[in-house]
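Below is one structure, written out as structure tokens; comments come after it.
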Amino acid sequence: MTTVVTGAGGFLGSVLVRELVARGRSVRAIIRSNAKALEELDIEIVTADIRDSSSIDRALAGAESVFHLASVISLSGDRSGSVSATNIDGARNVAEAALKNGVKRFIHCSSIHVFDLKDHGKTINENTIRVTTDSPVYDRTKYAGEIAVRDLIKMGLPAVVIHPTGVIGPGDHRPSRMGQVLIDLSSKKLPALISGGFNWVDVRDVCVGALAAEEFGRIGESYILSGQWHSTRQLATFGEEITGTPPPTFDLPMWLAQGIAPIGSLLGNISSNEYRLNSDTVSALKAARKISSAKAETELGFKSRPIRNSVHDAYKWFEKFGLLKKPLLHKNGLSS
């Protein structure tokens, strides 16, 4: 059967495509422009823009299942409108095309950020209230995109929704924001760490979870795919184990980060450039520590590996593809 993956040129998308190929699936990878991460794979590659309904309708012709992963992450607002156009209109277009083409299963990759992640001392699960209109643009648009998909579920779309936490691990070719942080840590480019942390999950576990959602997920249900909470310093320490590069000695206190962050957000909105220290980043690093994947574990058999392994394997991958300035120690690296 033909399996379509949107956003196939991205971090999560490219790793999922490789997992599908490893399982003997026939894959049609939908990309917007860059197919570098998919080189040498025996797959069908189609260039299409999910913001163009006719383009994506043609791209999904004959598909039996669809994994919709394409989205835009922004920490600097939405001046051009591309975040909303992709995360909301694009999600609706792909879902409508899937329904029109009669796909048997549609997996919509939402985000943990559609939930209210403020730390109220409670565990975040699928019943946690959703974001509000004053939440960051990425959070709001991902939630609105999920609502658009759920409107199509009411019309007969056989969709399941997954919510990964912070994705990390090998295969991060661009690299992602967090991948670049790991690279910069290895070359001592970061003067300090921001206090706080997040719930991280290995990209490979998310892909396996997404495939389990395709097979076992109940139509219309949400499944959180989470890993473990680690502070920024713990991640940096995991990195030191394999790079030999000690992390910055200074942690920027949260109260100070919160005071400075609006400046980064303002500059980002004015220039359309992202500054690492901004309100959205600080908000994420203050998020609730307890995020449960119990539902996915029970219904999908979801499992998550230790994030220490994920950090080590990410660095091994970066070294293999020439993204590090010095060789790794490899003494404690843990392979997949």
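Points to keep in mind about this one:
- Semi-axes of the equivalent ellipsoid of region 23-79 are 23, 16, 11 Å, computed as sqrt(5λ) over the eigenvalues of the C-alpha gyration tensor in descending order.
- Kirkwood Rh (inverse of mean 1/r, distinct Cα pairs), region 236-336, angstrom: 16.7 Å
- Residues HIS68, HIS108, HIS173, HIS120 arranged by fewest to most Cβ contacts within 10 Å: HIS120, HIS173, HIS108, HIS68
- Binned Cα-Cα distances of region 209-251, short to long, each 10 Å bin given as a whole percent: 23, 28, 17, 22, 9
- When you filter the chymotrypsin sites (Phe, Trp or Tyr not before Pro) in region 270-324 for DSSP loop state and at most 13 other Cβ atoms inside 10 Å of their Cβ, you are left with PHE321.
- Residue-by-residue Karplus 3J(HN,Hα) for region 153-170, coefficients 6.51, -1.76, 1.60, Hz, glycine and proline x: 4, 5, 9, x, 5, x, 9, 10, 10, 10, 10, x, 8, x, 7, 8, x, x
- Averaging the sequence gap over all C-alpha pairs within less than 8 Å and six or more residues apart, then dividing by the number of residues, gives region 140-221 a relative contact order of 49 percent.
- Gyration tensor (alpha-carbon) shape descriptor, region 131-170, a/c threshold 1.5: oblate
- The chain: relative contact order in percent, alpha carbon pairs under 8 Å with at least 6 residues between: 18 percent
- When region 146-227 is reduced to its Cα atoms, the Kirkwood hydrodynamic radius in Å: 15.0 Å
- Amide H contacts under 5 Å for TRP229, placed H, 5+ residues apart: TRP200
- Amide H contacts of VAL103 (H built 1.01 Å from N, under 5 Å, at least 5 apart or other chain): none
- ³J(HN,Hα) computed for each position of region 129-143 - Karplus, 6.51 cos²θ - 1.76 cosθ + 1.60, integer Hz, glycine/proline x: 4, 8, 5, 10, 5, 9, 7, x, 4, 4, 4, 5, 6, 5, 5
- Rounded if a/c under 1.5, otherwise prolate or oblate - region 1-111, Cα gyration tensor axes: oblate
- All-pairs alpha carbon distance profile, region 205-289, 10 Å steps from 0, percent: 14, 27, 30, 23, 6
- Residues whose amide H comes within less than 5 Å of that of SER26, counting only those at least five positions distant or on another chain, are THR3 (H built at 1.01 Å from N in the peptide plane).
- Structural size metrics of region 53-125, computed from C-alpha coordinates, are Rg and Dmax of 15.2, 47 Å.
- In order along region 294-306, phi translates into HN-Hα couplings of 4, 5, 5, 5, 6, 8, 10, x, 5, 9, 10, 7, x Hz, rounded to whole numbers, per the Karplus curve 6.51 cos²θ - 1.76 cosθ + 1.60 with θ = phi - 60° and x for Gly and Pro.
- The residue list PRO306, ALA284, ILE260 was ranked by how far each Cα lies along the charge dipole of region 244-336 toward its positive end, using unit charges on Cβ atoms, and PRO306 comes out on top.
- At 0.692 mPa s and 37 °C, Stokes D of region 39-188 from Kirkwood alpha-carbon radius, µm² per second: 194 µm²/s
- The relative contact order of region 1-107, computed from alpha carbon pairs under 8 Å that lie at least 6 residues apart in sequence, is 30 percent.
- Only helices enter the 222 nm calculation for the chain: every DSSP H run of n ≥ 4 contributes -39,500 (n - 2.57), and dividing by all residues gives -11500 deg cm²/dmol, rounded to 500.
- Candidates per trypsin sites (Lys or Arg not before Pro) in region 133-210, loop by DSSP, up to 13 other Cβ within 10 Å: LYS154, LYS188, LYS189
- Divided by 2.2 N^0.38 Å, where N counts the residues, the Cα radius of gyration of the chain comes to 0.96.
No value in this document is a laboratory result; all are computed from the given coordinates. Only a predicted model underlies this, so the values are computations on that prediction, with no experimental measurement involved. Virtual Cβ from ideal backbone geometry, glycine too; neighbours counted across all protein chains shown.
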